[in-house]
1. Would you mind estimating how fast segment 205-353 diffuses translationally, via Stokes-Einstein at 37 °C and 0.692 mPa s with the Kirkwood radius over Cα pairs, in µm²/s?
2. Rounded to two decimals, what ratio of Rg to Rh does the chain give with C-alpha atoms and a Kirkwood Rh?
3. Using 0.36 nm times the number of residues separating Ile154 and Gln112, minus their current alpha carbon distance, what extension gain do you get?
4. In segment 261-341, which GluC sites (Glu not before Pro) fall in coil by DSSP and have 11 or fewer other Cβ atoms within 10 Å?
5. Going 7 Å from the Cα of Val228 toward and past its Cβ, which residues in segment 152-189 have a backbone nitrogen under 14 Å from where you end up?
6. Let a ≥ b ≥ c be the square roots of the eigenvalues of the Cα gyration tensor of segment 236-286; is it rounded (a/c under 1.5), or, if not, prolate (a/b larger than b/c) or oblate?
7. What pairs in Lys72/Lys305; Lys84/Lys213; Lys231/Lys275 have C-alpha atoms more than 23 Å from each other?
8. Using Cα-Cα distances under 8 Å and only pairs 6 or more residues apart, what relative contact order does the chain have, in percent?
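The values are calculated or read from the model by the stated rules, or taken from the named source; none is laboratory data. Just so you know, these numbers come straight off a predicted model, no measurement behind them. Here the Cβ is made from the backbone with ideal geometry for all residues, glycine too, and neighbour counts use every protein chain on show. Just the protein is used for accessible areas: all its heavy atoms, side chains included, with ligands, DNA and RNA removed. Shrake-Rupley method; radii C 1.70, N 1.55, O 1.52, S 1.80 Å.
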Amino acid sequence: MSRIFVLGAGQLGAMLHYSGLPLNLQVVPVDFDAEPIADLADSDLVTAEIERWPDTPVTRQLAAHPNFINAKVFGLMADRLSQKATLDELQIATSPWQSLERDTDVASLLEQLGSPCLLKRRTGGYDGRGQLWLDSPDTDLSDWQGAAIAEQKIPFDEEVSIIGVRNASGEMHFYPLALNLHLNGILRASLVGLERLQALQAEAEAMLGRLMKHLDYCGVMAMELFRVGDKLLVNEVAPRVHNSGHWSLSGSSVSQFEWHLRATAGLPLAPAQVKGACLMINLIGSERNEAWLSVPAVELWWYGKSVRPGRKLGHLNTCAAVPADLSTQVQALRPLLEEDYQSVLDWVEKRIS
Ligand code: ATP
Ligand code: MG
């Protein structure tokens with residue numbers, strides 16, 4: 001079996017490694033600052049856990065490998081400008097946007113997109129970082145001009161995401177839509193299995209399917225969407241496994257990590273058999289609490305990073321036959337999670353009841 005090297009050695013790389021074990025796939029996450037791989041062979045495969053990486057000896061080596069899957073996609077999707085332009089070209093509905101050039105007149109930008117509008121750095125933003133709500137033409141934007149796009153503010157009802165997989169011969173499969181709660185730009189919880197979301201499933205699959213086909217994509221891709229009434233608008237796309245698919249480690253016959261590896265290694269994909277209801281809660285800035293493990297049907301995934309406020313340190317997964325049955329676990333977790341999580345649990349309870 002060939003080895004699969006992963007550009008990046010964060011938690012996504014670790015979960016890819018873990019998911020490769022039962023398939024007898026040797027998955028090797030590679031830190032950007034590691035030494036170049038001495039015995040890298042032409043038969044090895046290369047993928048990435050992130051869409052953008054610093055230029056270092058080892059990233060240069062891996063990105064130049066003949067089996068770097070989706071090599072051309074990363075640059076296109078990592079830059080919000082080319083990502084948005086690709087969506088427009090394919091007529092996939094997305095939040096209206098404009099490029100913020102050096103000579104863009106801010107007053108007319110606000111006039112066209114409405115005030116406030118959201119500035120997003122073209123590259124490098126995550127968890128809501130690299131964004132600025134703009135509401136005044138007098139704001140000093142010298143640091144943003146030429147390096148950002150501006151988006152219309154979308155008065156969305158909810159945020160959802162669709163995750164799908166495509167292999168080299170064009171076969172595609174999708175998970176059911178996840179309902180996502182973001183607070184201050186950070187994903188706090190994902191909930192899968194709500195019956196009312198089924199009405200949007202076909203449209204979401206068509207949107208992601210069109211993009212994956214256009215890019216001749218191989219592997220797992222995630223699309224974050226706004227639901228506005230009965231319409232879907234793309235927020236952003238990630239050409240990789242995604243936080244809103246972490247529930248699949250516990251709730252699906254094949255996790256997003258395994259799907260990605262199967263596609264990468266040319267193994268059969270198969271559709272996913274998904275449990276009735278799945279919930280993922282991100283653990284952000286909290287100390288590890290072993291009492292979480294005492295709750296029946298709750299699984300802990302701890303990333304082994306040092307604890308810092310606002311940092312994603314792990315997640316909890318739990319599944320049940322139907323959404324309402326998740327309330328047993330939610331109630332048991334309440335006293336084991338800090339104040340900051342109570343509104344997240346309220347959000348879950350309101351949606352499953
Ligand atoms: P991620 O961590 O998912 O990579 P990010 O930092 O790249 O996130 P976005 O997903 O673009 O950033 O935005 C973060 C959040 O900000 C969204 O989940 C949404 O809640 C809000 N947001 C983004 N764009 C808009 C918009 N056009 N209108 C209203 N809210 C928005
Ligand atoms: Mg996002």
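1. 192
2. 0.96
3. Details: separation 42, 0.36 × 42 = 15.12 nm, distance 1.40 nm.
Additional length available on full extension: 13.7 nm.
4. Those that pass, being in a loop and sparsely packed, are Glu287, Glu338.
5. 152-159
6. It is oblate, given that a/c is not under 1.5 and a/b is not larger than b/c.
7. Details: Lys72/Lys305 31 Å; Lys84/Lys213 16 Å; Lys231/Lys275 26 Å.
Distance filter (> 23 Å) returns Lys72/Lys305; Lys231/Lys275.
8. 13
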